[in-house]
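The values are calculated or read from the model by the stated rules, or taken from the named source; none is laboratory data. Everything numeric here is computed off the predicted structure, so don't read it as measured data. When we count neighbours, we look across all protein chains shown, and the Cβ atoms used for this are built from the backbone with ideal geometry, even at glycine. Note: accessible area is taken over every heavy atom of the protein model, side chains too, but ligands, DNA and RNA are not part of it. Shrake-Rupley method; radii C 1.70, N 1.55, O 1.52, S 1.80 Å.
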Amino acid sequence: MAQPGVAPPESVVQTACPLDCPDACTLDVTVRGGRITKIDGSKDNHITNGYICAKVRPFHERIYGDDRLLYPAVRTGAKGSGKFKRVTWDDALETIAGKMREAREASAPETILPLCYGGSNGFLTHDYADAVLFRRLGASRLLRTVCAAPTGAANMGLYGKMASTSYEDYPAAKMIVIWGVNPGVSGIHLMPFLKEARDNGAFIVVIDPRSTTVARQADLHLAVRPGTDLPVALSIHRYLFEAGHANEGFLSEHAKGAAALRERAKEWTFARAADVSGIGESQIRQLAEHYVKASPALVKCGWGLERNRNGGSAAAAVLALPAVAGKFGVRGGGYSMSNSASWNLDRPWLSDPEPPTRAINMNKVGRFLTEPEGAPINVLFVYNNNPVATLPDQRRVIRGLEREDLFTVVFDQVLTDTAMYADVVLPATTFFEHYDFARGYGPITLQLGKPVIDAVGEARPNHDVFMDLARRLDLAIDGDPADELEAMLTVLSALPERVGDGLREDWKAPPPHGGRPIQFVDVFPKTPDRKIDLFPEALNKQAPKGLYGYQPDPGTAEFPLAMISPASDRTISSTLGELPRPAVTLEINPDDAAARGIDEGDAIRVWNALGDVRVRAHLTPLMRPGTVAMPKGVWRRHTANGFTSNALTPDTLADLGGGACFNDARVQVEKGENKK
Ligand SMILES: Nc1nc2c(c(=O)[nH]1)N[C@H]1C(S)=C(S)[C@@H](COP(=O)(O)OP(=O)(O)OC[C@H]3O[C@@H](n4cnc5c(=O)[nH]c(N)nc54)[C@H](O)[C@@H]3O)O[C@H]1N2
Ligand SMILES: Nc1nc2c(c(=O)[nH]1)N[C@H]1C(S)=C(S)[C@@H](COP(=O)(O)OP(=O)(O)OC[C@H]3O[C@@H](n4cnc5c(=O)[nH]c(N)nc54)[C@H](O)[C@@H]3O)O[C@H]1N2
Ligand code: SF4
Ligand SMILES: [Mo]
């Protein structure tokens, strides 16, 4: 115990951020008397470079905040009422195990669905003990499609997820095309490298319906209509092929499928693509002409362009550009997207195979809960996920969670909008209270995060809870890591020796190719024949109109505005959404507002056939006319009627990978009272 009047000693401890963010920062955490008093970026990591985002800096407000879950609890009021009573871990886990036993004894383990996604990207917090439990149980499988499914399918199909150009090599580029990504918000440590590139004279192009920070700094900004990137990319391919700028030598040596791509691109003249995407023909031409000439030329493909019906083909067409134009083989050239597969680690520590049970697309969870196909879901186990805030068609998700016959477990750090509907709530540790492995998906980094404080309240790490349940259900076997520490050590020894040693010695692993691979010099496609497949048959079969087949927006007079819901600087998806924030607004172009008699700050109603959201209007010329934006990840408490952007997003699927169509929301807006 500290003596009265004597300040407890202070220490600065290092750990790593495993949140769903490309940057994977190294953190310097100040701890005094067992409590975190300050969180900052470390200088030891050249990407973090001594600063972090404004979201994680106040993370201790989550750890010690009013919304933190401190002990297990069971529901005492109606679903959604938020009334719970404290119980012991033993009682809570016995209740859950009892429900799972019932399902197993009725030979219906598929009535159990684990619902998990982006709360943490760490190796220990998902796809380890949780997978052990649910795979051995034979529960329904979850297709994790809310994010990166279309871009991932495209990257896998064309390149087998080849490692891509890392942040450090952007400054070598003479041209950078930033396509559907907003690094000023969603991966802030890329920004200094982009600035360096610009200072070196690189020509920067941004393709985004909004004038984001990067768009305002760019040499050329193509403010496309959401969902129309495919025609734009195909028109560039058409130009490359027809004007003799395709690198035929490279294509014949390293690629197949070029003829099919050329055929699909044929109809997309610059004029047609410009007409469909609502931008100037000369803008696309300028982009294409620059791209032909520039070397090294880099295409950075983000996730904003994938969240619509054409998202998969759009990503594939964008990723095909460096192949057709011959932009590989130089530092700072090629393409850059998720680097999560660049370590070539396939979770060797997880030996249980996936059972052949039914797979449920997570974009359809609301629909599945309300209109089941086959056996209904009776036990829903939510962790690393906040479906009420982050899944499409919020009202349907809520109706599903309100089902009286559904037993819902929510295992989280705070009382989320979803936890309000739980039958049993379990408190989880944060990454400041447990071990984890943080792998960057922008830069190629891998670090070991360690607990810097004791668990708060009775919170427990994911591994311990899932192993505990496995034991209760007689599913644990010899060799399963008993607790989180053993799991961490098991992962360390299952990793390639160089990687494991690096993590043991200084918490950081030495990345392959020094973290700066040059595509087609150091790394090659991981497709079976090591060639680029510009027209993978599997993708062609999946897409409703075939690969690169454009699905037009039918449009309606009733809901004429395209609503997008991009990442904001306040939350990581919905994480940290419990903290106070400025009023949520709908960003709208002044012309669209004027046409509706709406002024800055007016209370408005935004609606479509799925529901309505009541917020205030923010008029900004940075929005493209005809497009409006409401941030992703907002909590229900932050809007006037308790519904958020996802109350307006459809649960339809993208052309590839079963991906989400958040940005296919079409809405109308009117002035209106902001009342519940
Ligand atoms: N601060 C913060 N950082 C985050 C996150 C967060 O929530 N907050 N989330 C993390 C996660 S989970 C992810 S997946 C990444 C996402 O990172 P990003 O790829 O940046 O994804 P978004 O913010 O969805 O969209 C990026 C941009 O695409 C634009 N856009 C929308 N529709 C289209 C379209 O049809 N075409 C084109 N060309 N552009 C379009 C949007 O206006 C937006 O500026 O960020 C990660 N980083
Ligand atoms: N409208 C709209 N919605 C979107 C998107 C969009 O563009 N528009 N983007 C989508 C994208 S890109 C993504 S990635 C998804 C993400 O959506 P989600 O998967 O819901 O991700 P988060 O909201 O970040 O985190 C979910 C919860 O995990 C909890 N958590 C964190 N760490 C742990 C842990 O160690 N253990 C346990 N048990 N819980 C933990 C957090 O407290 C948080 O409440 O949202 C999607 N939703
Ligand atoms: S969320 Fe991203 S920018 Fe913020 S601390 Fe974590 S890794 Fe760094
Ligand atoms: Mo995401």
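Only one of Val206, Val181 is assigned by TED's automatic domain parsing to the domain that holds Asn308 and within 16 Å of ligand 4 (Cβ to nearest atom). Can you tell me which? Walk me through how you get there before you give the answer.
Numbers: Val206 fails: within 16 Å of ligand 4 (Cβ to nearest atom).
Going through Val206, Val181 in turn, the sole match is Val181.
Pairs linking a residue in the stretch 187-212 that is closer than 24 Å to Asn589 by Cα and away from ligand 2 (no atom under 16 Å from the Cβ) to a residue that is open to solvent by less than 10 Å² (accessible area, probe 1.4 Å) and not aliphatic (A, V, I, L, M), with Cβ atoms under 6 Å and 6 or more positions apart or on different chains, are Ile207/Trp179. Taken over the stretch 644-676, residues that are within 13 Å of Gly366 (Cβ to Cβ) and not in a strand (DSSP E or B) amount to 6.
Scanning the stretch 602-627 for residues that are open to solvent by less than 40 Å² (accessible area, probe 1.4 Å), without any contact (Cβ under 8 Å) to a residue 60 or more places away in the chain and not in a strand (DSSP E or B) turns up just one, Thr620. Restricting attention to the stretch 558-601, the residues being of a type in the set (Asp, Glu), surrounded by fewer than 21 Cβ atoms within 10 Å (Cβ to Cβ) and in contact with a strand residue (DSSP E or B) (Cβ under 6 Å, 6 or more places away or on another chain) number 2.
Pairing each residue of the stretch 11-31 that is on the phi > 0 side of the Ramachandran plot and within 16 Å of ligand 2 (Cβ to nearest atom) with any residue that is open to solvent by 10 Å² or more (accessible area, probe 1.4 Å) and among the hydrophobic types (A, V, I, L, M, F, W, C), provided the two are 6+ apart or on different chains, yields C-beta distances under 9 Å for Ala24/Cys17. Test Ala314 against the stated conditions and say whether it is within 16 Å of ligand 2 (Cβ to nearest atom), part of a helix (DSSP H, G or I) and not hydroxyl-bearing (Ser, Thr, Tyr). When the stated conditions are applied, Ala314 passes them.
In the set Ala325, Ala317, which member is modelled with pLDDT of 95 or more, of a type in the set (Gly, Ala, Ser) and open to solvent by less than 10 Å² (accessible area, probe 1.4 Å)? Talk me through it step by step, then tell me what you get.
On the way: Ala325 fails: open to solvent by less than 10 Å² (accessible area, probe 1.4 Å).
Unique residue meeting the criteria: Ala317.
Flag not set for Pro544, criterion: out of contact with any Cys (no Cβ under 9 Å at 6 or more places or on another chain), modelled with pLDDT under 95 and within 25 Å of Val146 (Cα to Cα). Of all the residues in the stretch 46-87, those that are more than 16 Å from ligand 4 (Cβ to nearest atom), open to solvent by less than 70 Å² (accessible area, probe 1.4 Å) and assigned to a loop (DSSP other than H, G, I, E, B) number 19. Only helices (runs of 4 or more DSSP H) whose full extent lies in the stretch 361-477 are considered here, and none of them has at least 3 residues that are under 30 Å from Asp612 (Cα atoms), within 16 Å of ligand 3 (Cβ to nearest atom) and modelled with pLDDT under 95.
Taken over the stretch 530-557, residues that are open to solvent by 10 Å² or more (accessible area, probe 1.4 Å) and touching a strand residue (DSSP E or B) at 6+ places or on another chain (Cβ under 8 Å) amount to 6.
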